[in-house]
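Below: one structure, written as structure tokens.
The values are calculated or read from the model by the stated rules, or taken from the named source; none is laboratory data. Everything numeric here is computed off the predicted structure, so don't read it as measured data. Don't worry about glycine lacking a Cβ; one is built from the backbone with ideal geometry, like all the others, and counts go over all protein chains shown.
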């Protein structure tokens, strides 16, 4: 039996995923989460075989959740199931430890097959994600950022203050400010406005930042 955990900030979506997967005789949904902190807390004392994870999560964010649960459970397979199909988001997800990536435009059967494929060691990708990876341009300014820096970059670009970011990610204000400095140095983007324009141009923002 494949033990699946679901993480998405919309309850109706999680319910739909659960019903879809539990119809399958070889799958069991053992938990579902609406925010990053709840997911991380659950994985501190529980296990699953596959985590189906949305990147647009309240709290620490999807990339940070991915990094944290992978650090605690290296054998856990993480399948990203997200609205984001930009090359940068896909690249950052794999850099943070994702094992597969589907967009939410995928057919329901694709999610089911992806869970089976990922547990067998495969790397499932929806066609739009595969195309995004193949067309990625490495010289973009944000490519040099680590997953944590990238998550903070997105928050800065969305207009969040250093204090807000520190509170959201459970960092000290000094640490958050240091990240901001490093991000500016690595990207060459010196202001929030420049970050916003860059993030908008590369489709890196959504409504949850």
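Which condition breaks for residue 143 when tested against (1) without any contact (Cβ under 8 Å) to a residue 60 or more places away in the chain; (2) within 30 Å of residue 17 (Cβ to Cβ); (3) in a helix (DSSP H, G or I)? Residue 143 satisfies every listed condition except (2). Please tell me if residue 136 is in contact with a helix residue (DSSP H, G or I) (Cβ under 9 Å, 6 or more places away or on another chain), closer than 25 Å to residue 149 by Cα, in a loop (DSSP other than H, G, I, E, B) and modelled with pLDDT under 90. Answer is yes for this residue.
Scanning the range 57-77 for residues being surrounded by fewer than 17 Cβ atoms within 10 Å (Cβ to Cβ) and within 26 Å of residue 164 (Cα to Cα) gives a total of 2. Of all the listed residues (109, 128), the sole one being under 30 Å from residue 29 (Cβ atoms), without any contact (Cβ under 8 Å) to a residue 12 or more places away in the chain, assigned by TED's automatic domain parsing to the domain that holds residue 37 and surrounded by fewer than 18 Cβ atoms within 10 Å (Cβ to Cβ) is 109. Grab the helices (runs of 4 or more DSSP H) fully contained in the range 1-115, keeping just those with 1 or more residues being farther than 23 Å from residue 169 by Cβ and over 12 Å from the mean Cα position of the chain (by Cα). The helices (runs of 4 or more DSSP H) meeting that bar are 11-22, 87-95. Scanning the range 185-209 for residues that are over 18 Å from residue 147 (Cβ atoms) and part of a helix (DSSP H, G or I) yields 192, 193, 194, 196, 197, 200, 201.
Just the residues that are out of contact with any helix residue (DSSP H, G or I) (no Cβ under 9 Å at 6 or more places or on another chain) and closer than 16 Å to residue 1 by Cβ, please, taken from the range 17-29. Passing the criteria: 18, 22, 25.
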